[in-house]
1. Would you mind stating whether A134 is crowded, with 21+ Cβ neighbours inside 10 Å, farther than 30 Å from I301 by Cβ and modelled with pLDDT under 90?
2. Of the numbered conditions (1) more than 30 Å from L99 (Cβ to Cβ); (2) in a helix (DSSP H, G or I), L259 fails exactly one; give the number of that condition.
3. Kindly evaluate V238 against the criterion of being surrounded by 17 or more Cβ atoms within 10 Å (Cβ to Cβ) and either at pLDDT 90 or above or part of a helix (DSSP H, G or I) (or both).
4. Working only within the stretch 63-79, note down all residues that are of a type outside the set (S, T, N, Q), assigned to a helix (DSSP H, G or I) and free of Cβ contacts under 8 Å to residues at least 12 places away in the same chain.
5. Can you tell me which residue in the stretch 101-123 is farthest from H180 (Cα to Cα), limited to those that are free of Cβ contacts under 8 Å to residues at least 60 places away in the same chain and surrounded by fewer than 17 Cβ atoms within 10 Å (Cβ to Cβ)?
6. Could you identify the single residue in G266, G312 that is at pLDDT 80 or above, over 14 Å from the mean Cα position of the chain (by Cα) and not aliphatic (A, V, I, L, M)?
7. In the stretch 85-99, is there at least one residue being surrounded by 15 or more Cβ atoms within 10 Å (Cβ to Cβ), among the aliphatic types (A, V, I, L, M) and under 20 Å from E184 (Cβ atoms)?
8. Taking G272 as meeting all but one of (1) in contact (Cβ under 8 Å) with a residue 60 or more places away in the chain; (2) surrounded by 18 or more Cβ atoms within 10 Å (Cβ to Cβ), write down the number of the exception.
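The values are calculated or read from the model by the stated rules, or taken from the named source; none is laboratory data. Nothing here was measured: the structure is a model prediction, and the numbers come from that model. When we count neighbours, we look across all protein chains shown, and the Cβ atoms used for this are built from the backbone with ideal geometry, even at glycine.
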Amino acid sequence: MTLLLASGDNPLGHVVDKPMYGVNAPESWSLWRLTQDTGVPVSCAVIIFSGLLVCFLLWRAAKAIETGPASQGVDRYITKGRLGQLVESIVIGLRDQMLVPVMGEKDTRRYLPFLLSLFFFLLVVNLFGLMPFADIQQMLKHNFVKGESEEFILFGGTATANLMVTGGLAIICFFVIQMHAFRELGFGGWLEHLCGGRDLVHGPKGLYLVIPIIFVVEFLGLFIKPAALAIRLFANMVGGHTLMATLLMFGLMAAKAELGGIAVGGITVASGAFALIIFFLEIFVAFLQAFIFMFLTAVFISTMSHHDEEHGEEHAHAEAHH
């Protein structure tokens, strides 16, 4: 693991996004030379590959989950394969235990495809960030590829450690939230929501002095909430991966300090063990941050719904059954 980090002494150099540089390409590779000249970040390749991989995996899972032909009997209702069973359990758990209690049945059915796509995409991107693709390419460059370029990175890194990536996802969520708000509340209801709700707007006139303050806070909250999603995901990815890279570099720093073979070996083993613990913690964080981003988006969508009317309808149905 120390060899993988031998291409750089700065822990952040193994975490932050980098331009897509490689060996000198021939003139005929015009598209590749364009990426080098414009400094296209490596995260673009990771995002594209992750999106295609998520589409393929979920398509395979959907084929495994769907009901088979009648000739299979009762077995046609059984999900085939480990992938389909895993995806089905995750989807049912997120839908029934997390989203329905927050959003209600109607909004969950409407936004479940978007929210699940967001969750699985972020999960795959976060997990890719734990794999040292970029460091392996740097190591190969230093050992086997001789050329003028100091970098040799075509793919890898943590795309969600780029604030532009997390910010782009947050912008998409912002527009989804506002589109839902205008669809559910209308422009007048949207303004009422920003002013504190119908009870305050149509309440005692003595409370009107509070409405401008609430409006400013709520209006700023429209932008602060998605920004918090982007910053939270970005900070967690950068912080955890930087810590893991720092631990792995202790052995390299000990070797450069010429402390002796036994000391270097002991420091390398100890730091590697702690880095392995952080690695498993980062796997959990990858799942957790994907879930938090998806769940908070669902919460922000639900705040723009007619909850009182939905609860009234549910109460009316309950009374009718009694």
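1. Yes; evaluated as a whole, the condition is true for this residue.
2. Of the numbered conditions (1) more than 30 Å from L99 (Cβ to Cβ); (2) in a helix (DSSP H, G or I), the odd one out for L259 is (2).
3. Answer is yes for this residue.
4. A70, G73, V74, D75, R76, Y77
5. Restricting to residues being free of Cβ contacts under 8 Å to residues at least 60 places away in the same chain and surrounded by fewer than 17 Cβ atoms within 10 Å (Cβ to Cβ), the top hit is P101.
6. The conditions single out G266.
7. There is at least one residue in the stretch 85-99 that is surrounded by 15 or more Cβ atoms within 10 Å (Cβ to Cβ), among the aliphatic types (A, V, I, L, M) and under 20 Å from E184 (Cβ atoms).
8. (2)
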